[in-house]
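Asks: Please read through the structure below; I'll follow up with questions.
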Amino acid sequence: MMIKELSVRTSKRNEFIDITRQVEQAVQGVREGVVTVFVPHTTAAVTINENADPSVVSDILGKLAQLVPEQDNYSHAEGNSDAHIKSSLLGSSLTVIVKDGKLMLGTWQGIYLCEFDGPRTRRVIISLQS
Ligand code: ZN
């Protein structure tokens, strides 16, 4: 197993950052395998969705903000409960199959780091099993 780590600087409180290219670089030269992308954070997530039309990401962020408002009757004193909830909704890891050094993503799919309590520097851990 090979483990690599990315450091991703985010610039907004809520933001999706396309990390597809960085993940693809990490699997270069691998004939067949499985890559896991994991964020060791409780207020960030990773997801796969369309990276062709940017309005898809803005619609997802807009709907998440509606579903999980920043202010509500939350108990958590840190004031970022919305970020924790969004992180759990989207999840902290994902798996992609690798073939001939390429991620087997669909034409319109990209891998996003999802920031919900930025700006911060986030760690993204990539493990490859081949
Ligand atoms: Zn918190």
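Asks: With a 1.4 Å probe and every protein chain left in place, work out the accessible area per residue of region 23-79 in Å², rounded to a whole number.
Replies: Dividing the accessible area of region 23-79 by its residue count gives 60 Å².
Asks: Pull up the cross-link candidates among the lysines for K102, meaning alpha carbon to alpha carbon under 23 Å and not fewer than 8 places away within one chain.
Replies: Of all the lysines, those that pass the test against K102 - Cα under 23 Å, at least 8 places apart if same chain - are K4.
Asks: Can you figure out the FRET efficiency of M2 with A65, using R₀ = 35 Å and their beta-carbon distance, to the nearest 0.05?
Replies: For M2 and A65, the calculated efficiency is 0.40.
Asks: Tabulate in residue order the Karplus-calculated ³J(HN,Hα) for region 27-35, using 6.51 cos²θ - 1.76 cosθ + 1.60 with θ = phi - 60°, rounded to whole Hz; enter x for Gly and Pro.
Replies: So the J values, rounded to whole Hz, are 9, 4, x, 8, 6, 9, x, 10, 10.
Asks: If you fit an axis through the alpha-carbon atoms of helix 54-67 and take the longest principal axis of the Cα set of the chain, what angle between them do you get, 0 to 90°, nearest 10?
Replies: Taking the Cα atoms of the chain, the angle to 54-67 is about 40 degrees.
Asks: May I ask you to give the percent of accessible area on region 1-99 that is carbon plus sulfur, with a probe radius of 1.4 Å?
Replies: The value for region 1-99 is 49 percent carbon and sulfur by accessible area.
Asks: Going by alpha carbons, how many degrees (0 to 90, nearest 10) lie between the helix axis of 81-90 and the longest principal axis of the chain?
Replies: With both axes taken from Cα atoms, the answer is about 30 degrees.
Asks: If you take every DSSP beta bridge whose two residues both sit in the chain, what share of them, in percent to the nearest 5, is antiparallel?
Replies: 100
Asks: Put a dot 7 Å past each Cα toward the Cβ at Q129 and Q25; how far apart are the dots in nm?
Replies: With each label placed 7 Å out from Cα toward Cβ, I get 2.6 nm.
Asks: How about K99: which aspartates and glutamates have a C-alpha closer than 13 Å to its C-alpha, ignoring those fewer than 8 places off in the same chain?
Replies: Straight-line reach from K99, under 13 Å: E24, E32.
Asks: Could you sort 112-122, 86-96 so that the peptide with the highest average Cβ count within 10 Å comes first and the rest follow in order?
Replies: Going from most to least packed, we get 112-122, 86-96.
Asks: Right, here's the next one. Rank-order 17-23, 33-39, 104-110, 77-83 by packing density, defined as the average count of other C-beta atoms within 10 Å over each peptide's residues, highest first.
Replies: Most protected by this proxy first, the peptides run 33-39, 17-23, 77-83, 104-110.
The values are calculated or read from the model by the stated rules, or taken from the named source; none is laboratory data. Just so it is clear, the structure is predicted and the values come from calculations on it, not from any experiment. Here the Cβ is made from the backbone with ideal geometry for all residues, glycine too, and neighbour counts use every protein chain on show. We work out accessible area using only protein heavy atoms, side chains counted, and drop any ligands, DNA or RNA first. Shrake-Rupley method; radii C 1.70, N 1.55, O 1.52, S 1.80 Å.
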